[in-house]
1. Could you run through the stretch 206-230 and say how many residues are surrounded by 19 or more Cβ atoms within 10 Å (Cβ to Cβ) and farther than 17 Å from residue 90 by Cα?
2. Considering only the stretch 84-103, how many residues are over 22 Å from residue 5 (Cβ atoms) and either loosely packed, with under 13 Cβ neighbours inside 10 Å or without any contact (Cβ under 8 Å) to a residue 40 or more places away in the chain (or both)?
3. When residues of the stretch 37-62 are filtered for being surrounded by fewer than 16 Cβ atoms within 10 Å (Cβ to Cβ) and either closer than 23 Å to residue 95 by Cβ or aromatic (Phe, Trp, Tyr) (or both), how many remain?
4. Restricting attention to the stretch 65-77, which residues are outside any helix (DSSP H, G or I) and more than 14 Å from residue 223 (Cβ to Cβ)?
5. Given the criterion assigned to a helix (DSSP H, G or I) and over 18 Å from residue 11 (Cα atoms), identify the matching residue among 45, 94.
6. Select from the stretch 108-137 the residues that are touching a residue at least 12 places away in the same chain (Cβ under 8 Å) and of a type in the set (Asp, Glu) and list them in ascending order.
7. Evaluate the stretch 122-137: report whether one residue or more is exposed (fewer than 15 other Cβ atoms within 10 Å of the Cβ), over 21 Å from the mean Cα position of the chain (by Cα) and over 30 Å from residue 9 (Cα atoms).
8. Between a residue in the stretch 64-78 that is not assigned by TED's automatic domain parsing to the domain that holds residue 20 and any residue that is surrounded by fewer than 21 Cβ atoms within 10 Å (Cβ to Cβ) and not charged (D, E, K, R), which pairs come within a Cβ distance under 9 Å, given they are 6 or more apart or on different chains?
Amino acid sequence: MLDEAQKQIGAFLRRKRESLAPEIAGLSRTSRARTPGLRREDVADMAGISTVWYAKIERGRADGISREVLEALATTLRFDATERQYVMTLAGLDTSPVRDPCRHVNPDTLRLIGRLNPLPAIVINDYFDIIAANAAYEAMCGLQFAALPPAERNYLALTLTDPVWQRFLMVEAAADLERRLQRLVGMLRGVGARRPQDATLAARIAGFRAMSPAFDLAWSRETVAQPEEVLFSFLHAKLGPITLKKQIWHNCNGETSGRLNVYHPREDADYDRLASVGV
C-alpha cells in the first residue's frame, strides 16, 4: 500500500472516530469532554486490536493492514457501504477493474441521448467532465456546452464558478453551495481512491482547492459518496422549479467509465411540461 493511501486511510478513520458519540459504545461522555467523539483506545478495544496498532493506522504509518482489521474498524466506526469500499480500495483490497475515463461518446451513445428527448440526459466521466448532453438538458440548465471552452465543460467547475449553472442548481447562498459540494466532493474522493496514480485527477483536485475555499473546506471533511438514483430539484431555465428522479446508466460508452444520467419526471404533468419546451 502506498504511503499516501495509508495517510488517507488514517485521516478518514480519525474523522469518523471524532464524529461518533461515545454513547454508541455505551461510554460516558462526561469523562471525555476534551476529546471529540471516541478515543483511540475506545476504537481499538471495540475492534479487537491494540491501541498502539490502531494509533499507527490512524497516523498513516501502518503498512500491510489486513482485510480483517479494516472490516473490524469499519464495523466499529459505523461505515456505510460506500465508506467501506473507499477504505478497501485505498488499501488495495478492492479488485474491481478500473476503466479509463470516458473522453468522447460513440455515435450509438450520441444517438441514444438524442432519442431520450424530452427527458434531460447528460454523460459525465470520472473527472466530472461533461462529455455530451441532449437538447432537453441544455434547455433545462440554460447553457450550450459546445459554446464553452473545453476546460469549463465540467460539472464541478461550473458549480463553483458559473452563475447560470448555479441558478439552475438553485445555489443562492453559501449553505446551498456547501450542500451541493458535499456529495460532489465525496464522489470525487471515491474516484481518487480508485485512481491513486492519476496525475490528471490530482491536478483537477488541486485546481479546485486553489479555486474555491468552499471546495477546499468540503475536501478537508473526508466524506465519501457515490452516485445515487435520487430526486433532484432544479430551476429549469424555461419552466421554473422542477423535481426529477435521476437514473444512472454506468459505463454507457463501451469500455470507459462514463455514466449517463437521465432525469425522469415524477408526474405526467411534469413530462408534459418538459415536452412543451419543444426539443
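The values are calculated or read from the model by the stated rules, or taken from the named source; none is laboratory data. The model shown is predicted, which means the values in this text are computed figures rather than measured ones. Note that each Cβ is placed from the backbone with ideal geometry, even for glycine, and that neighbours are counted across all protein chains shown.
1. Matching residues across the stretch 206-230 total 4.
2. Within the stretch 84-103, the subset over 22 Å from residue 5 (Cβ atoms) is 102-103.
Among the residues that remain, those that are also either loosely packed, with under 13 Cβ neighbours inside 10 Å or without any contact (Cβ under 8 Å) to a residue 40 or more places away in the chain (or both) are: 103.
Of the residues in the stretch 84-103, 1 are over 22 Å from residue 5 (Cβ atoms) and either loosely packed, with under 13 Cβ neighbours inside 10 Å or without any contact (Cβ under 8 Å) to a residue 40 or more places away in the chain (or both).
3. 1
4. Going residue by residue through the stretch 65-77, those that are outside any helix (DSSP H, G or I) are 65-66, 77.
If the condition is that a residue be outside any helix (DSSP H, G or I) and more than 14 Å from residue 223 (Cβ to Cβ), then 65, 66 are the ones that fit.
5. Details: 94 fails: assigned to a helix (DSSP H, G or I).
Of the residues listed, the single one that is assigned to a helix (DSSP H, G or I) and over 18 Å from residue 11 (Cα atoms) is 45.
6. Matches in the stretch 108-137: 126, 129.
7. Step one: list which residues in the stretch 122-137 are exposed (fewer than 15 other Cβ atoms within 10 Å of the Cβ), which gives none.
No, the stretch 122-137 contains no residue that is exposed (fewer than 15 other Cβ atoms within 10 Å of the Cβ), over 21 Å from the mean Cα position of the chain (by Cα) and over 30 Å from residue 9 (Cα atoms).
8. none
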